[in-house]
Amino acid sequence: MLDATPRRMALALSLLALSLAAPACADDATPVDTTTAELAISATLDPMPPTTGQHTLTITVVDEDGAPVEGATVTVDPQMTMHGHGSSETAVVAEDGAGVYTAFPVTFQMPGMWKVSVSATAGAMSGSAAIDYQVN
Ligand SMILES: [Cu+2]
């Protein structure tokens with residue numbers, strides 16, 4: 001029985017090696033995509049320069065390769081951050097196709113600095129932009 005000790009140690013070592021190797025094997029068997037694909041957002045406001053009232057924001061969403069992204073969920077949130085309030089109206093976003101989305105009405109109910117936050121989500125991809133406008 002004296003020679004059992006080295007065997008047990010060898011067994012313990014091999015079990016340790018297995019447990020150390022196990023996570024790597026599991027990762028190999030079930031790869032998890034941890035890459036975060038970013039969407040790039042650009043937008044143009046009409047009329048420009050902005051005045052108090054309703055505007056149309058035309059938004060273009062492209063993926064990291066610059067390809068238009070269709071079927072994205074796009075939200076638009078105008079905020080007057082210095083005053084701590086948002087818009088008096090909620091912009092409705094319509095998809096025009098070819099990665100172009102139109103938000104209306106983007107309403108600035110008072111003059112001053114406004115920040116329009118635009119976010120887009122498509123599958124695992126997402127992106128956001130914040131655009132500052134001086135409203136007169
Ligand atoms: Cu205000």
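Details
- Highest average first, the peptides 63-71, 124-132, 101-109 ordered by how many other beta carbon atoms sit within 10 Å of their residues are 101-109, 124-132, 63-71.
- Length-normalised contact order of the stretch 40-135 in % [C-alpha pairs under 8 Å, at least 6 apart]: 32
- Peptide ranges 49-61, 85-97 listed from the most packed, as the mean C-beta count within 10 angstrom indicates: 49-61, 85-97
- Computed Rg/Rh of the stretch 40-135, alpha carbon atoms with Kirkwood Rh: 0.98
- For residue 105, the shell of other residues with beta-carbons less than 14 Å away shows a net charge of -3, using +1 for Lys and Arg and -1 for Asp and Glu.
Only the coordinates and a few stated rules stand behind these numbers; no lab work does. What you are looking at is a predicted structure, and each value in this text was computed from that prediction instead of being measured. Here the Cβ is made from the backbone with ideal geometry for all residues, glycine too, and neighbour counts use every protein chain on show.
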